[in-house]
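The values are calculated or read from the model by the stated rules, or taken from the named source; none is laboratory data. Computed from a predicted structure; not experimentally measured. Every residue, glycine as well, gets a Cβ built from its backbone with ideal geometry; the counts of neighbours run over all protein chains shown. Please note that ligands, DNA and RNA were not included when accessible areas were found on the heavy atoms of the full protein model with its side chains. Shrake-Rupley method; radii C 1.70, N 1.55, O 1.52, S 1.80 Å.
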Amino acid sequence: MNIYNSLTRKIEKFTPNEEKTVRMYTCGPTVYHYAHIGNLRTYIFEDILEKGLEYLGYDVLRVMNVTDVGHLENDSDDGEDKMQKSAEREKKSAYEIADFYEREFFTDCAKLNIRKPSVVERATKHIDTYIEMIQRLLQTGYAYESNGNIYFDVTKSNNYYQLSGKNPDELYVGVRETVEEDKSKRNPGDFGLWFTVSKFANQEMKWDSPWGVGYPGWHIECSGISYKYLGEYLDIHCGGVDNIFPHHTNEIAQSEAFLGHKWCNYWVHGEHLNDSTGKMSKSKGDFLTVNLLEEKGYNPLAYRYFCLNSHYRNQLVFSYDALEGAQNAYNKLRQKIKQLDRTPDLHESKIDYYKDKFKEAISNDLNTSSMITVVYDVIKDEELTDFTKLYLIEDFDKVLSLGLIEEEKSINEDTETMILKKIEERNIAKKNKDYETADKIREELFDKGIRLIDGRDKTTYEII
Ligand code: AMP
Ligand code: ZN
């Protein structure tokens, strides 16, 4: 496979550290609000990259964090924690906010056929790992304590500017203009690893540490979770382009300082989805969500189709007209597939030819629109039997995940009995105030594609 590497700014041949296994890390959502469809464009791209690699024969071990602490409202170390701010807005605890929006996020993902990564870990579950890393960074002189906080000294890092390709003056100009300089830092670019002193006193999520009660900075979680679950060498790290600086730049600096060697070989970034006014944001209040698209009558998979028709490295402008066009094309495609004759009659002669074409499109820097073109080519090919066409489309849809071969979402009697039994067990657990068991049952069902809906009198469910 050839893929664009942001680190070298070149399309490179992809060679993982181990022959068959790919270790992949993707930055997860900050669960302080719903994800907007821009965020979800990035997760669609990562999903298809993972599935594309699998199609090419790799086993992908993919890890994702869920940011439930420490993501400040702007990229400097100033401002309030986004989780804390939402907790205050919604009059809930930060943990309740995280639980709710994490569930909503994975519901959106399920609607978009985005598979849950093999490992998903909350930032707040790995405080020990961050403390261990920070201790080593202090011992080796990469980090320093100042006024109660621990900072990473960016001047100690050899390749600090490699990923962004920018010089310090370009990078810090915005920071200097908008944010009061933090006098505790040695250099303006230094970033927080652990805070015990912050400008806001009401931070709810706090932990004990060798430096006092406090909370981690918002970059260390990805280095920590990746180290814990994927080890010292990473093949691919993904995120949206906005993550290049400061987040990924800082991840590289602290991980490589901690490990003492190069950490990740390929950095792959998805371009943004913008609306007609420019950058999409969830802090602005009014933003586009999967729920909103559904309310307006759009199929979430038509949005996935819309995204896959453009390359992940190109900016994409969202408009309802464009989505309407994508939905029409998507519906027509599904209609054509529905009309194919399902009588078993498989002709092998051109199967490899089309599979190779599909692999070529994946290998060409994840060219998703070419992948879709192969589907259309198969449908048009008069030499193929309908059954062979269906066979190939089903195979390609393992990667595209556009629901091209329709299956009714239905459950059998046994499954229904199992769900009702689990709901009953959960009701008993809740009655006994055993919320841990209740949550566990909810997660267990969710992972099976069953979402519980707690009504005033009873709990119902939906298949996602
Ligand atoms: P967040 O939940 O804010 O941490 O962002 C989750 C992911 O969405 C990150 O990988 C971001 O890089 C990405 N992202 C943020 N805004 C956009 C956008 N407008 N289009 C595509 N991806 C985005
Ligand atoms: Zn990250």
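A few comments on the model shown:
- Boolean, Gly270 is within 30 Å of Tyr151 (Cα to Cα), away from ligand 1 (no atom under 13 Å from the Cβ) and open to solvent by less than 10 Å² (accessible area, probe 1.4 Å): no
- In this structure, Ser310 qualifies as under 21 Å from the mean Cα position of the chain (by Cα) and hydroxyl-bearing (Ser, Thr, Tyr).
- Of all residues in region 211-267 being closer than 21 Å to Phe45 by Cβ and open to solvent by 30 Å² or more (accessible area, probe 1.4 Å), the one that is farthest from ligand 2 (Cβ to nearest atom): Asn265
- Close pairs from region 44-67: first over 17 Å from Leu112 (Cβ atoms) and of a type in the set (Val, Ile, Thr), partner more than 16 Å from ligand 2 (Cβ to nearest atom) and in a helix (DSSP H, G or I), Cβ under 6 Å, at least 6 apart: Val60/Glu50; Val60/Leu53; Val60/Glu54
- Test: residue in region 92-103 that is of a type in the set (A, V, I, L, M, F, W, C), within 16 Å of ligand 2 (Cβ to nearest atom) and either at pLDDT 95 or above or within 30 Å of Lys183 (Cβ to Cβ) (or both): no
- Whenever a residue of region 250-279 is modelled with pLDDT under 95, its partners that are open to solvent by 20 Å² or more (accessible area, probe 1.4 Å) and within 14 Å of ligand 2 (Cβ to nearest atom), lying with C-beta atoms within less than 9 angstrom and at least six residues away or across chains, give the pairs Lys279/Asp242.
- Breaking point among (1) within 16 Å of ligand 1 (Cβ to nearest atom); (2) outside the structural domain of Lys85 (by TED's automatic domain parsing), for Phe245: (2)
- One residue stands out in region 1-60 among those that are open to solvent by less than 10 Å² (accessible area, probe 1.4 Å) and away from ligand 1 (no atom under 16 Å from the Cβ): the one that is farthest from the chain's Cα centre (by Cα), namely Phe14.
- Residues of region 2-34 classified as at pLDDT below 95 and of a type in the set (A, V, I, L, M), total: 1
- Residue count for region 17-35 satisfying the condition of being without any contact (Cβ under 8 Å) to a residue 24 or more places away in the chain and closer than 18 Å to Ala123 by Cα: 0.
- Of all positions in region 439-462, at least one carries a residue that is within 23 Å of Lys51 (Cβ to Cβ), out of contact with any Pro (no Cβ under 8 Å at 6 or more places or on another chain), open to solvent by 60 Å² or more (accessible area, probe 1.4 Å) and in a helix (DSSP H, G or I).
- Ser370 within 20 Å of Cys109 (Cα to Cα), surrounded by 14 or more Cβ atoms within 10 Å (Cβ to Cβ) and among the small types (Gly, Ala, Ser): no
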